[in-house]
1. Arrange the residues Thr42, Thr13 by how much accessible surface each exposes, largest first, with a 1.4 angstrom probe.
2. Grab the Cα-Cα distance for Val40 and Ile9, subtract it from 0.36 nm times how many residues apart they are, and report the gain in nm with one decimal.
Amino acid sequence: MARSKACVILGGTVMPINRIAADRPYYSGKKRHHGMNVQVLTDPFGRLL
């Protein structure tokens, strides 16, 4: 019965990147640096999907 149910894990973080101050869309006010949001989807064993 456990095989008939699917389970995935979504994780993400803000990775720092080198940008000039004029690039406002890439600035994270929470982290206080320029960055891109990176998200991954894995199965319960940690393998990328």
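1. Numbers: Thr42 20, Thr13 70 Å².
Greatest to least solvent exposure: Thr13, Thr42.
2. Values: separation 31, 0.36 × 31 = 11.16 nm, distance 0.81 nm.
Gain on extension, Val40 to Ile9, equals 10.3 nm.
The values are calculated or read from the model by the stated rules, or taken from the named source; none is laboratory data. Quick caveat: nothing in here was measured; it's all calculated off a predicted structure. The accessibility values were calculated without ligands, DNA or RNA, using every heavy atom of the protein model including side chains. Shrake-Rupley method; radii C 1.70, N 1.55, O 1.52, S 1.80 Å.
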